[in-house]
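Have a look at the structure below, then the notes.
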Amino acid sequence: MKSKIFFVILIAASLACNTISNFGAATDTPVATPIPPEPDFEPTPTFEAPPNPNPGPDGIGDPYFEDLGNGGYDVQHYSIALNVEMGSNEISGSTTIDAEALQQITSLNLELLGLTVEEVTVNGEAALFDRNGIELTVFLPEAAVEGDPLQIVIVYYGVPGEGIDVFGPEYSEGWIYYETGVVVAGEPTGASTWYPVNEHPIDKATYSFAITVDQPFEVAANGILEGVDESGSESTYRWTMDDPIAPYLVTVAIGEFDIDEYTGPSGVPIRNYFGVGVSENVRENFARQGDMIAFFEEVFGPYPFDVYGVVVHDQDLGFALESATLVVFGNSFTDEYVVAHELSHMWFGDSVGLKAWQDIWLNEGFATYASLLWTEHKYGREAMDEEISFNYEQLATYAEFLIGRPIGDPGSENLFSFDVYYRGALTLHALRLAVGDEVFFEILRTYAERYAHSNAATADFIAIAEEVSGQQLDDLFDAWLYQVDLPDIPEMELSAADFVE
Ligand code: ARG
Ligand code: ZN
């Protein structure tokens, strides 16, 4: 099958550069690891910080990304109004953040990488602020106590990524400019390249966007297009995203697009944005999304958002990203498996979000398994079993090149490594074989429903699996997620010992 050939190429490419750990399996080429960079620009402004007895914590406590996210407040809504100069890639405008204090605080932190902050106000009053690396500290004009509403307006401008040396052609994260367009791919830490944000998946929020570009450029973003205001040669695209989403799932797409709109068989409106140069062959790969939604609704429960679609940039991105309701693709990596994989993230990753990055298999293992389920649905159980066996064999054979860490704790540098995807998928398959189809799909639906538009950890999933099945499943999950050795799948006569000498 196509995906096998693809996999073999990935293995070959990885062996060639002697690292198998840093590529994102089905949707990724070997790319530089997206670790938050240490920017080497001067913090601005320099001033004597005001008395600050109750600073909000500058991290949310994620073991993988100490600095990311912030404590002391919770964001409800971001309203992002930006003018984008397509000739120079300069952005300018404001982000308005509606938040609530979770404790007594005299300052709060946001993440913002590079860019120049001109002005900050809090509840209408001018606020002092400081920059230090990725952290933007806002000193509250008046101390806040638990439950206080905070409206923070940050006025800023600059060229995203400018002066930050980790940004290069191979750095596939954040605001990516390519002259005839802009791609925004935020996972895991790219959101702060273009707007000030509480950059952790645990703090979900709704969004509205007003993005202004010169004609003939067009703008797409998450959610619903509310309208386009034209003024002279400029157009402002107003989009809203009414369900709360994690910062890394926010996307804006700028380019010239052909828009393909229809309603899928289960009633979900679909709007695809194809870059004008994208070939018919590539567009064809997205024709089955309506059927895929209908199938996934059967096995996972109702589609969790109001709308779906993709933006396919006419660029060889080397990855796809499940930005909520508007999945980002390049002009490669668009085969049926990747299309199904990304769509399934709407349930697993986007609606049910992560509590911590360590549990990334809850996103990638689930989405990889979802595309295997699509294979089973479309081409039969035998085709799926063949895929499973093939993937098992690859995991066993190439064990020594894999991350050497359990997928339940892969390390921040291995979030998108092959084994997170495929061993994650096989974990679900092992569960299915242990509890039977009926119970297995009940587990998936219960999990998708209970944590809809919220966040879950591995322990939450295991608890549901045990609750729904009535079985003790610690041993199964421990072997698959927290041990390095690949467990056997006796039901399929798959034993790691047969592949590793
Ligand atoms: N979550 C994406 C996928 O499975 C992979 C994203 C990789 N990150 C990146 N910045 N390229 O489908
Ligand atoms: Zn994925």
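The values are calculated or read from the model by the stated rules, or taken from the named source; none is laboratory data. As the structure is a prediction and not an experimental result, all values here were calculated from the model. Ideal geometry is used to build each Cβ from the backbone, glycine not excepted, and the neighbour counts take in all protein chains shown. The protein model used for the area step is the full one, side chains on, heavy atoms only, and it has no ligands, DNA or RNA in it. Shrake-Rupley method; radii C 1.70, N 1.55, O 1.52, S 1.80 Å.
Residue check: is Asp306 among the acidic types (Asp, Glu), under 27 Å from Glu199 (Cα atoms) and away from ligand 2 (no atom under 16 Å from the Cβ)?
Details: among the acidic types (Asp, Glu): yes; under 27 Å from Glu199 (Cα atoms): yes; away from ligand 2 (no atom under 16 Å from the Cβ): yes.
Yes; evaluated as a whole, the condition is true for this residue.
Listed by first and then second residue, the pairs with beta-carbon distance under 8 Å, at least 6 apart or on different chains, first residue in the range 345-360 and of a type in the set (Ser, Thr, Tyr), second at pLDDT 95 or above and part of a helix (DSSP H, G or I), are Ser351/Ala448.
Before we move on, is Tyr157 within 16 Å of ligand 1 (Cβ to nearest atom) and open to solvent by 20 Å² or more (accessible area, probe 1.4 Å)? Here the answer is no, as Tyr157 does not meet what is asked.
Of the residues in the range 455-479, how many are β-branched (Val, Ile, Thr) and not in a helix (DSSP H, G or I)? Working first, answer last.
First, the residues of the range 455-479 that are β-branched (Val, Ile, Thr): 458, 462, 464, 468.
Filter once more, keeping what is not in a helix (DSSP H, G or I): none.
Within the range 455-479, residues that are β-branched (Val, Ile, Thr) and not in a helix (DSSP H, G or I) number 0.
Taking the criterion of being within 13 Å of ligand 2 (Cβ to nearest atom), touching a Ser or Thr at 6+ places or on another chain (Cβ under 8 Å), outside any loop (DSSP other than H, G, I, E, B) and aliphatic (A, V, I, L, M), the residues of the range 319-353 that qualify are Leu321, Val328, Val338, Ala340. Return yes or no: is Ala320 out of contact with any helix residue (DSSP H, G or I) (no Cβ under 8 Å at 6 or more places or on another chain) and either open to solvent by 20 Å² or more (accessible area, probe 1.4 Å) or within 16 Å of ligand 1 (Cβ to nearest atom) (or both)? So Ala320 fails the test.
Table: residues versus (1) buried (at least 17 other Cβ atoms within 10 Å of the Cβ); (2) not in a strand (DSSP E or B).
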| position | (1), (2) |
| --- | --- |
| Ser92 | yes, no |
| Ile97 | yes, no |
| Gly114 | yes, yes |
| Glu118 | no, no |
| Asp130 | yes, no |
| Val138 | yes, no |
| Ala143 | no, no |
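Is it the case that Leu426 is open to solvent by 20 Å² or more (accessible area, probe 1.4 Å), part of a helix (DSSP H, G or I) and farther than 30 Å from Asp243 by Cα? Before the answer, list the steps.
Numbers: open to solvent by 20 Å² or more (accessible area, probe 1.4 Å): no; part of a helix (DSSP H, G or I): yes; farther than 30 Å from Asp243 by Cα: yes.
In short, no.
If you go through the range 279-300, how many residues are open to solvent by less than 10 Å² (accessible area, probe 1.4 Å) and either aliphatic (A, V, I, L, M) or touching a residue at least 60 places away in the same chain (Cβ under 8 Å) (or both)? Reasoning before the result, please.
Filtering the range 279-300 down to residues open to solvent by less than 10 Å² (accessible area, probe 1.4 Å) leaves 286, 289-290, 292-293, 296, 300.
Remaining after also requiring either aliphatic (A, V, I, L, M) or touching a residue at least 60 places away in the same chain (Cβ under 8 Å) (or both): 292-293, 296, 300.
Adding up the residues that qualify gives 4.
Residue-level analysis places Tyr64 among those that are more than 25 Å from Thr96 (Cα to Cα), at pLDDT 90 or above and either aromatic (Phe, Trp, Tyr) or in contact with a Gly (Cβ under 8 Å, 6 or more places away or on another chain) (or both).
Being under 20 Å from the mean Cα position of the chain (by Cα), among the aliphatic types (A, V, I, L, M), open to solvent by less than 30 Å² (accessible area, probe 1.4 Å) and under 18 Å from Asn54 (Cβ atoms): is that true of Leu110 here?
Details: under 20 Å from the mean Cα position of the chain (by Cα): yes; among the aliphatic types (A, V, I, L, M): yes; open to solvent by less than 30 Å² (accessible area, probe 1.4 Å): yes; under 18 Å from Asn54 (Cβ atoms): yes.
Yes: the conditions hold for Leu110.
When the residues of the range 331-379 are filtered to those that are open to solvent by 10 Å² or more (accessible area, probe 1.4 Å) and under 26 Å from Glu66 (Cβ atoms), the one that is nearest to ligand 1 (Cβ to nearest atom) is Asp359.
Where strands (runs of 3 or more DSSP E) fall entirely within the range 165-274, those with at least 2 residues that are open to solvent by 50 Å² or more (accessible area, probe 1.4 Å) are at 224-231, 234-245, 257-263.
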